[in-house]
Structure formats: structure tokens, C-alpha cells
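Here is the structure we will look at.
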Ligand SMILES: [Zn+2]
């Protein structure tokens, strides 16, 4: 199959293909439904496919769609892998493979980055004892700019407003940190982490341990799109990896290919991320989580489209032309149509997965 064909037109198609791919391989399949449906009334679920357990082997987890609309890409990666293993084009690696499809199925189906409760799931995975409260310094002052209580307008001079907000807060690193670190005070605002563990959080809390089984070592690649130069990728870690893990990252992917969170780089320090939670709740496992982030366009464009879609969601009806327009724009920002981009990101993603497999199986 030519690579762009791995991108599905919508969530139900992606889901069907994912499940069919796992069945073809004879893998175990699970579906964990959430309490919402697609725009056409179909079931929404996190689907999990795992290879037959090989005792004593390491586990590779590959997840998609934590950020809803970004799942078009992650799902395409998973479909491509399943297809290549099923056809014999690539040998199925001697590892325990766990594929988590559409961690935020609602956002995937409705073309939102957030879930059915406006929650950014990558801010919702607070560890037991952490409180779902508070906002980063500066968010309150930015609330009116970030989250206007009105429908989006095409004529609004967004760029000058954004530049002014960035200047007022003291530059881009501070702006990024204030906007995107995760807030728990504005339920209709951007980068909202929720007031309690979401359904996806609870599903993972109940089952992740079982999926990774007794493996002493887990590598978890979580596919995302948005930040970075179009078509390029970086592995982002928002925690301190061990020395041995850093060595693996360098040897498997290359020294300049991963970044430990820092407000000056691509990323920023977040609260409630999936990576921190996976490590915190599996402290006896050597758990190496990386957010594999693939660039689409510049961060101001990303923010503009997120802000417009969030306004449309809260202040227009789902049938309004402004909602349709805002969703389509968000889709293009997180999953560009261009074949050139799609080929580049799939090539990069398969390379990352193969490097991880080679590294894990060589040990
Ligand atoms: Zn993302």
C-alpha cells in the first residue's frame, strides 16, 4: 500500500482497519468504550491489540490519538506496522507488542484535540495525591486573549494580539509555559486538565499493568503531531530519564533526536502528562516513554487554530459553518493533506519504531 493510503478518512474507518489488522495477525483485541458516540452515532472506544505474550521479553507500547485529531497520523503508523507484519514484509519482532489505538476517540471522531469534557488528556494524568487545581503563572492574565466567550471571527487580527501577549509576558518561552503547561481552573479554556481522572485515565489505570505484564523493560512510543518544522520529528521527554535510558536514546535514535523538556526548546514543562504517569505508576519497571512529536506548522498557527476551534465548540452550534470551518482548519493543522508531508512523517515514524525494535531485540 502506498503510504498516504494508510491515513483513514475518519475515526470509524481507522478503527475498523486497526481491528482488522490485529485480527489478521491473530493478536488479542480489546475494546474499551467511552460514554459518547461519533457524529453519526457509532460507538467510541480505545482499542488495544497485543501480540501473544512471550514470557521474559521486553514490551514495546505504541499509542495513538491521545490528542484526538492527532490520531489520524498515529493510527496510520499503527496500520502500516500491522500491515507489514501481517504480510511478512517485516518479521514480527520477538517482543511483547501492545498497540493502543485512539486514546481519545472522541477528539479523533469530532476533530478536536481534547476529549468529550474539553480535557487535554496529556494534562489529565496527574499522579495519585496530585491535585486537579491551579494554573501556570500567567494563564489567568492570558485567559481573555486565549478563551474569548464569543464565536471565532475571520477578521480578527490574531497575529498582532498574539505578539502583544507574548511581549507582555516576557517572551516566547514564558508564553509557552503559561499557555500550554496545563491548567485546572478554566473548564472551557485551552489546555484544561480536568477536575478528576478522565475515562481514558481510568482505563489505563485499570489495564496498563496487565498489558505490559511481567516485562522488566518497556519502551513506549506515543505519536503526536503539531510542534516543530513540517515533516521533522523529535522525541520529547518531560521527565529525567536514567543514564542507561539516555544511552539507549542516543544509540538508537541519535544524540540530537530527543529532548528533555525545557521551555526554550520545542517543549515545555507540563503537569499531568501521560509519560510522567506511566513512569510514576510503574516505578519497578524500566519504563522509557517518549512522545514522538512530528512537526506540521509554526506554533502561532497551531495556537490560532486551537483557539478558533475551542471558541466554535463552545459558542457556535455543531451545524454552524463557523464550527465546520474551525474543525477543518484544525484537521489541516494537525494532519496536513499534502502527500509530501504524509510520506515524510510515516517514513520518520517507521524509522523510529524500527530503531526501537532493533535496540530492544539486540540487547
Ligand atoms: Zn499531541
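Top mean-square fluctuation among 216, 140, 89, Gaussian network model of the chain, C-alpha springs under 10 Å?
Result for the chain, Cα springs under 10 Å: 89 fluctuates most.
Classify the range 46-186 as rounded, prolate or oblate, taking a ≥ b ≥ c as the square roots of the eigenvalues of its Cα gyration tensor: rounded when a/c is under 1.5, otherwise prolate if a/b is larger than b/c and oblate if not.
Judged from the Cα gyration tensor, the range 46-186 comes out prolate (a/c at least 1.5, a/b above b/c).
Nearest 500 deg cm²/dmol is fine: what mean residue ellipticity at 222 nm does the chain get from its DSSP H runs of n ≥ 4 alone, each adding -39,500 (n - 2.57), divided by its residue count?
After summing the helix terms and dividing by the residues of the chain, the value is -13500 deg cm²/dmol.
Take 229, 234 and order them by how many other Cβ atoms sit within 10 Å, fewest up front.
Starting with the residue having the fewest Cβ neighbours, the order is 229, 234.
Between residue 167 and residue 314, with labels modelled 7 Å along Cα→Cβ, what's the label distance in nm to one decimal, could you check?
Between residue 167 and residue 314, the label points sit 2.7 nm apart.
GNM, the chain, Cα, under 10 Å: largest mean-square fluctuation among 51, 215, 240?
Result for the chain, Cα springs under 10 Å: 240 fluctuates most.
Taking only the Cα atoms of the range 249-363, how large is their convex hull per residue, in Å³?
Expressed per residue, the convex hull around the Cα atoms of the range 249-363 is 155 Å³.
Order these peptides, 270-278, 66-74, 17-25, by their mean beta-carbon neighbour count within 10 angstrom, highest first.
Listed from highest to lowest mean packing, they are 66-74, 270-278, 17-25.
Can you give the convex hull volume of the alpha carbon atoms of the chain per residue, in Å³?
Given the Cα convex hull of the chain, per-residue volume reads 128 Å³.
Give me the number: length gained by fully extending residue 9 to residue 210, i.e. 0.36 nm times residue separation minus the C-alpha to C-alpha distance, one decimal in nm.
Contour length minus the Cα-Cα distance gives 69.2 nm.
Consider all pairwise Cα distances in the range 1-89 and report the whole-number % of them above 16 Å.
56
Using Cα atoms only, what is the angle between the long axis of helix 339-362 and the major principal axis of the chain, expressed in degrees (0 to 90) to the nearest 10?
It is inclined by approximately 40 degrees.
Over all directions, the average projected area of the alpha-carbon convex hull for the range 166-215 comes to how many nm²?
Result: a mean projected hull area of 5.4 nm².
Compute the FRET efficiency between residue 244 and residue 127 as 1/(1 + (r/R0)^6), taking r as their Cβ-Cβ distance and R0 = 30 Å, and round to the nearest 0.05.
In this case the efficiency is close to 0.85.
Expressed as an acute angle from 0 to 90° and rounded to the nearest 10, what is the orientation of the C-alpha long axis of helix 299-315 relative to the principal long axis of the chain?
Taking the Cα atoms of the chain, the angle to 299-315 is about 70 degrees.
To the nearest µm²/s, what D does Stokes-Einstein give for the range 127-265 at 4 °C and 1.567 mPa s, using the Kirkwood radius over alpha carbon pairs as Rh?
The estimated diffusion coefficient comes to 70 µm²/s.
If each residue's Cβ is checked for other Cβ atoms within 10 Å, how do 334, 145, 294 rank with the fewest at the top?
The most exposed by this proxy come first: 145, 334, 294.
Packing-wise, with mean Cβ within 10 Å as the measure, how do 187-195, 344-352 rank, highest first?
187-195, 344-352
Taking Cα pairs under 8 Å and at least six residues apart, what relative contact order does the chain come out at, in percent?
20
With the crude spin-label approximation of a point 7 Å out along Cα→Cβ, what separation in nm comes out for residue 251 versus residue 144?
5.6
Compute the helix-to-body angle for 11-24: its Cα long axis versus the longest principal axis of the chain, expressed 0 to 90° and rounded to tens.
Its long axis makes an angle of about 10 degrees.
What order do you get for 297-303, 254-260, 118-124 when each peptide is scored by the mean count of other beta carbon atoms within 10 Å, highest first?
Ranked from most to least packed, the peptides come out as 118-124, 297-303, 254-260.
Can you say what percent of the DSSP beta bridges in the chain, counting only those with both residues inside, are antiparallel? Round to 5.
40
Listing 315, 211 from the residue with the fewest other Cβ atoms within 10 Å to the one with the most, what is the order?
The fewest-first ordering by Cβ neighbours comes to 315, 211.
Values in this text are rule-based calculations from the coordinates and carry no lab data. Given the structure is predicted, the values throughout are model-derived calculations rather than measurements. Positions of Cβ are generated from backbone atoms using ideal geometry, with glycine treated the same way; all protein chains shown enter the neighbour counts.
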